[in-house]
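Here's the structure, in structure tokens; my notes come after.
The values are calculated or read from the model by the stated rules, or taken from the named source; none is laboratory data. Predicted model, so just to flag it, every value in this text is computed and none were measured. Backbone-built Cβ (ideal geometry, glycine too); neighbour counts: all protein chains shown. Each accessible area value is taken on the protein alone, full model and side chains, heavy atoms only, with ligands, DNA and RNA left out. Shrake-Rupley method; radii C 1.70, N 1.55, O 1.52, S 1.80 Å.
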Amino acid sequence: MVENRYTAAYFSGIVALTVNDDTTKPWAGRFNEPTDAFVEAFTASIGFDKRLYPHDIAGSIAHARMLAKVGVLTAAERDTIIVGLEGILADINSGQFAWSVALEDVHMNIETRLTERIGAVGKKLHTGRSRNDQVATDVRLYLRDEIDAIATEVRRLQTALLDLAEPHCATIMPGFTHLQTAQPITFGHHLLAWFEMLQRDQQRLRDCRKRVNVMPLGAAALAGTTYPIDRQETARLLGFEAIAENSLDAVSDRDFAIEFAAFAAVLGMHLSRFAEELILWSSAQFRFIDLPDRFCTGSSIMPQKKNPDVPELVRGKSGRLFGNLMALLTLMKGQPLAYNKDNQEDKEPLFDSIDNVKGCLRVFADMLPHVQINPTAMLAAAQGGFSTATDLADYLVRKGVAFRDAHEIVGRTVRYAIETGKDLAQLSLAELQRFSSQLQADVVAVLSVEGSVAARNHLGATAPAQVQAAIKRARQRMVS
Ligand code: ARG
């Protein structure tokens, strides 16, 4: 049989298969027959939620400490539970923990093992909580850590962009609109556009973190608990900035995961644009850059090929990042309060977005410092395509011609240049004066690409001095 996620072969690769062993199920009391073997595999989440184990254990330790503080556990019970949980953590870390499908998910696997390990006192850990508030807490703790790791990677990529921009503040390339040569720009300026996109992504991530860092624990199944719990204490122990105000909302909404997926989708969209330009620029038609060999692959049939697989894959990854956002929104839509098993489906899209965002950021941050820049090809391209035509029109305006008339004059000049196979800078003064007597000898400076970029000298524009200053500000603005 072909292996898929619900076959025994799939599970045996990732967990010790203990199918249909109902004696171990913590909720088996009210059931008359064992779970159907396929239903067991179908409903289990252990195959993917086991990655939550460090956070599940941290949450349980904080819960046990809080229970002892309010007198629900004795100090000795608390300590036995904590030692047991720490032992389980060590076992999982060293690969000595056999996950069981019959125990459904990470929470029941760990709790059941705890009782096997420390005896009946382990059964007291779940006092005053439910898997519903437990899973919501685990996912939030896990996502909080991942957000911090992702923020570091975004910063690393932003730094790589600034480091690459620094020596290229005055390197001239064509700027495009409609992918047609528009006006000359500096390469450093182009890189700073990418920096700004990442800066907003970073702000979105930071904002999302605030709403992730809210504690559901204490909501129990849905209505709260009859024990005299101290939610402030648990929140303090786990580093939560706030406590969920409503127990029904706390166990049911996954909008924090949706927000993260939205962040990831926007970042993925930005990286896909970044990727697309790297692909274009490294083509034989542009030759603006050369990607390092170790980030490219060859063709099995065409010996000359060096394919930009890394940016292509990053461009392609945006598809699953958008898809994961759509999956989470659809999963949540129309769910009645409070917890529903639908929510178990939050994990795979969320984890997939986390893994792929981290992968894309890492590979770009690693690659960027090794990209070779070809200023000669960039300059040559900027000099073609009549990129200083707007400068010529602006020159005429300064001589008193109305902008619309200047536009018309330059348009006719460009048509003449196309017909004679010349660029604007190659036209003689006599040729230029056929189109306007206002065109004088000083027009030559205006027609150069260097003059063009230097003239755009204000905040946010492409002049080398402005780019230099913008890099300096960017280093200070980077979200720490
Ligand atoms: N594995 C479940 C999930 O991921 C844990 C919560 C289960 N709660 C329940 N009442 N079935 O959502």
message: Need pairs with beta-carbon distance below 7 Å; first residue within 14 Å of THR234 (Cα to Cα) and within 11 Å of the ligand (Cβ to nearest atom) and within the range 129-146, second open to solvent by 20 Å² or more (accessible area, probe 1.4 Å) and of a type in the set (Ser, Thr, Tyr); sequence gap 6+ or separate chains.
response: none
- prompt: For ARG473, which of the numbered conditions (1) part of a helix (DSSP H, G or I); (2) in contact with a strand residue (DSSP E or B) (Cβ under 8 Å, 6 or more places away or on another chain) fails to hold?
  reply: (2)
statement: Within the range 83-103, residues closer than 22 Å to LEU217 by Cβ, open to solvent by 20 Å² or more (accessible area, probe 1.4 Å) and not β-branched (Val, Ile, Thr) come out as GLU86, LEU89
field: Selected residue (criterion: surrounded by the most Cβ atoms within 10 Å (Cβ to Cβ)) from residues of the range 332-360 that are over 20 Å from LYS50 (Cβ atoms) and within 11 Å of the ligand (Cβ to nearest atom)
entry: TYR339
message: What pairs come out if I take residues in the range 327-339 that are at negative phi and pair them with residues that are of a type in the set (A, V, I, L, M) and part of a loop (DSSP other than H, G, I, E, B) whose C-beta lies under 7 Å away, six or more apart or interchain?
response: ALA338/LEU222; TYR339/LEU222
- prompt: Does ASP366 satisfy being acidic (Asp, Glu) and under 30 Å from SER272 (Cβ atoms)?
  reply: yes
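Which residues, taken from the range 205-234, are among the hydroxyl-bearing types (Ser, Thr, Tyr) and open to solvent by 30 Å² or more (accessible area, probe 1.4 Å)? If you could, list the steps in order and put the result at the bottom.
Restricting attention to the range 205-234, the residues satisfying the condition of being among the hydroxyl-bearing types (Ser, Thr, Tyr) are 225-227, 234.
Residues satisfying the conditions are THR225, THR226, TYR227.
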task: Mind checking which helices (runs of 4 or more DSSP H) fall wholly inside the range 388-469 and carry at least 3 residues that are open to solvent by less than 50 Å² (accessible area, probe 1.4 Å) and in contact (Cβ under 8 Å) with a residue 24 or more places away in the chain?
output: 389-398, 403-420, 449-455
message: Pairs please, first residue from the range 38-51 and part of a loop (DSSP other than H, G, I, E, B), second anywhere and within 11 Å of the ligand (Cβ to nearest atom) and of a type in the set (D, E, K, R), Cβ atoms under 8 Å, 6+ apart in sequence or on different chains.
response: ALA44/GLU104; ALA44/ASP105; SER45/GLU104; SER45/ASP105; SER45/LYS347
- request: Among what's in the range 104-120 and is under 24 Å from LEU238 (Cα atoms) and open to solvent by less than 30 Å² (accessible area, probe 1.4 Å), pick the residue that is nearest to the ligand (Cβ to nearest atom).
  value: ASP105
